[in-house]
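I'd like to ask some things about the structure below.
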Amino acid sequence: MEIQNLSPAPLTVNPIMSPKPKSSSAPIFLIIIVLGITTGFWFSRFSHQGANKSSNSIFKQNGTSTENVTTIEIGKIYGNQSKAFKDTATGTIEKGSINGEGTHILNRDGGKAQRAALNSSSVDLDLFIGKKVEIKGETNASTKVGWLLDVGVIKVLE
């Protein structure tokens with residue numbers, strides 16, 4: 001004997017419905033905004049430095065370029081005076097490096113403990129070897145030397 005279905009509608013089985021995925025456009029939008037701001041920040045940092053370094057005539061304002069210089073004059077200022085440098089030192093320049101840092105050394109009063117490693121992207125330091133100078137520049141971080149200075153302006157004292 002068969003049991004008949006007495007309900008008027010046919011019996012259907014509903015498959016288990018998975019929940020609809022929620023819209024994830026808000027987190028993606030925030031990630032894109034953060035990446036855009038970060039990228040813009042770093043591009044502005046690198047393009048600003050690149051613009052300063054790419055110039056052929058670096059000392060256009062108030063300074064004397066070291067390009068094509070044959071004699072160094074006492075009392076004359078060489079370098080980029082358009083930028084204000086906060087670090088200043090006086091001493092005699094020699095060729096060499098300290099613990100592999102810098103291209104030149106500034107021998108200051110006080111002996112070896114007071115020496116500073118020098119490099120420069122704007123002044124040819126070879127022209128000032130053996131000269132007593134006052135330099136202005138920017139201190140760079142170094143783990144190998146006590147003071148690493150990027151020279152921007154040099155005034156010849158002797």
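Where a number appears in this text, it was derived from the coordinates with a stated rule and is not lab data. In this text, all values refer to a predicted model and were calculated from it rather than measured experimentally. No Cβ is skipped: glycine too gets one built from the backbone with ideal geometry, and neighbour counts run over all protein chains shown.
Are there strands (runs of 3 or more DSSP E) fully within region 68-158 with at least 3 residues that are aliphatic (A, V, I, L, M)? List them.
Details: elements: 77-79, 87-95, 104-107, 116-119, 132-140, 148-156.
So the answer is 116-119, 148-156.
Looking for something among the hydroxyl-bearing types (Ser, Thr, Tyr) and buried (at least 17 other Cβ atoms within 10 Å of the Cβ) - is there at least one such residue anywhere in region 139-156?
The answer is no, given that none of the residues of region 139-156 is among the hydroxyl-bearing types (Ser, Thr, Tyr) and buried (at least 17 other Cβ atoms within 10 Å of the Cβ).
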